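All remarks here apply to the structure that follows.
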Amino acid sequence: ALLVDRQARLWAGTSRGGLSRLDGESWDHFDQRDGMISDEVLVLREDSTGRIWVGLEEGGVAMIEGDHIRNFTTADGLVHNTVLCIAETPDGAIWFGTSNGLNRWKDGRITSPNLGSRTPARQILDLNTRKDGTLLVGGDFGLLQLEGDTLVEVLPGSRLGTQAVSSTFEDSQGALWIGAVSGGLMRLHDGRLEHLGVEHGLPHN
């Protein structure tokens, strides 16, 4: 995982060697000797206050503020200690997609919110906040979005409900690009869903 923060520092998370930070020409390192539970970094995210959130393999999530590390695990309310994706919504809540569902951190507390009948209780592959503040949640259940306190399908009745969604990206035109695990690439714009697969030039679906 790579991240450039608001201070133009480069953060590099590795699969076995912890987390490194390049500030100018100086490197700092964070690993289990510095207080992190795991050295296997899966995802990095900077929140609106400048804190760095680190999703870990079997280590929960670490929050780095300055040089101080605070760890959150199942003992603190996470539903699973493997954190695959992280996003922030405009209300300041930090969302964690884990191998067994969704968590929300707000005001120093982690909860497992009930977001209606579509609340996922399995692996979350992607979390993304759109430019309008809408939280997107992707996984083998398709693509969901948070409306108020309820998760609903994005474009009900479309192939989005039958694909395992692994990645989303909103472009400068407001179109949403959606990568599927084995279903190619989709583009959603103005309520219209387009599909691109190997038949359109992709090397693989």
> Ignoring any ligand, DNA or RNA, what whole percent of the accessible area of the chain comes from carbon and sulfur when the probe is 1.4 angstrom?
Replying inline: 45
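Let me know the shape class of the range 53-172, please: from the alpha-carbon gyration tensor, a ≥ b ≥ c as square roots of the eigenvalues, rounded when a/c is under 1.5, otherwise prolate if a/b is greater than b/c, or oblate. Please list the in-between numbers first.
Numbers: a/c = 1.80, a/b = 1.59, b/c = 1.13.
Here the range 53-172 falls in the prolate category.
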> Given a 1.4 Å probe and the protein chains all in place, what does the accessible area of Glu170 round to, in Å² to the nearest 10?
Replying inline: 30
> Which whole-Hz couplings ³J(HN,Hα) result when phi for each residue of the range 180-192 is put into the Karplus expression 6.51 cos²θ - 1.76 cosθ + 1.60, θ = phi - 60°, listed in order with x for Gly and Pro?
Replying inline: 9, 4, 9, x, x, 10, 10, 10, 10, 8, 6, x, 10
> For the range 25-31, what does the Karplus curve 6.51 cos²θ - 1.76 cosθ + 1.60, with θ = phi - 60°, yield as ³J(HN,Hα) per residue in whole Hz, taken in order and with x for Gly and Pro?
Replying inline: 10, 10, 9, 10, 10, 10, 8
> Quick one: net charge of His80's neighbours, Cβ under 13 Å, K/R +1, D/E -1?
Replying inline: -2
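Once you charge only the Cβ atoms, +1 for Lys and Arg and -1 for Asp and Glu, what is the size of the charge dipole of the range 49-205 about its Cα centre, to the nearest 20 debye? Before the final figure, lay out each step's value.
Working: 12 positive and 19 negative charges, 38 e Å.
Dipole about the Cα centre, nearest 20: 180 debye.
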> Using the Karplus equation 6.51 cos²θ - 1.76 cosθ + 1.60 (θ = phi - 60°), what ³J(HN,Hα) coupling, rounded to whole Hz, does each residue of the range 90-100 give in order, writing x for Gly and Pro?
Replying inline: x, 7, x, 6, 9, 10, 10, x, 10, 6, 9
>> With every protein chain left in place and a probe of 1.4 Å, what is the accessible surface of Lys131, to the nearest 10 Å²?
In response: 140
> Between Thr150 and Leu10, what is the spin-label point distance in nm, taking each point 7 Å from the Cα along the Cα→C-beta axis?
Replying inline: 4.7
> Using modelled amide H (1.01 Å from N, peptide plane; none on Pro or chain starts), what sits under 5 Å from the amide H of Leu42, excluding residues fewer than 5 places away?
Replying inline: Gly55, Leu56, Glu57
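Counting heavy atoms of the protein chains only and a 1.4 Å probe, report the per residue accessible area for the chain as a whole number of Å².
Accessible area per residue: 49 Å².
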> Between Asp28 and Ser99, what length in nm is gained on full extension when 0.36 nm per residue of separation is reduced by their alpha carbon distance?
Replying inline: 22.6 nm
> Considering the dipole of the chain built from charges on the beta carbon (Lys and Arg +1, Asp and Glu -1) around the Cα centre, which of Leu125, Leu144, Leu78 is farthest to its positive end?
Replying inline: Leu144
>> Considering only C-alpha atoms, what is the centroid distance from the range 74-95 to the range 121-141, in Å?
In response: 12
> Amide H neighbours of Gly142 under 5 Å, counting only residues 5+ apart in sequence or on other chains, H built in-plane at 1.01 Å?
Replying inline: Val165
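At 1.4 Å probe size, put Asp132, Asp31 in order of accessible surface, largest to smallest.
Numbers: Asp132 120, Asp31 10 Å².
I get Asp132, Asp31, largest accessible area first.
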>> As I understand it, the dipole of the chain uses +1 on the Cβ of Lys and Arg and -1 on the Cβ of Asp and Glu, about the Cα centre. Which of Gly161, His29, Pro203 lies farthest toward its positive end?
In response: Gly161
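Mean separation of Cα pairs under 8 Å and 6+ residues apart, divided by the residue count of the range 1-59: what relative contact order is that in percent?
It comes to 28 percent, rounded to a whole number.
Between rounded, prolate and oblate, where does the range 151-199 land on the alpha carbon gyration tensor, with a ≥ b ≥ c its root eigenvalues, rounded for a/c under 1.5, else prolate if a/b exceeds b/c?
Rounded, since a/c falls under 1.5.
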> Considering the values (1) 49, 38, 27; (2) 53, 34, 30; (3) 81, 33, 31, which represents Cα extents along the principal axes in Å as calculated for the structure under consideration?
Replying inline: (1)
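The values are calculated or read from the model by the stated rules, or taken from the named source; none is laboratory data. Values in this document were obtained by computation on a predicted structure and should not be read as measured data. Every residue, glycine among them, receives a Cβ derived from its backbone with ideal geometry; neighbour counts consider all protein chains shown. Accessible surface areas use protein heavy atoms only, side chains included; no ligands, DNA or RNA. Shrake-Rupley method; radii C 1.70, N 1.55, O 1.52, S 1.80 Å.
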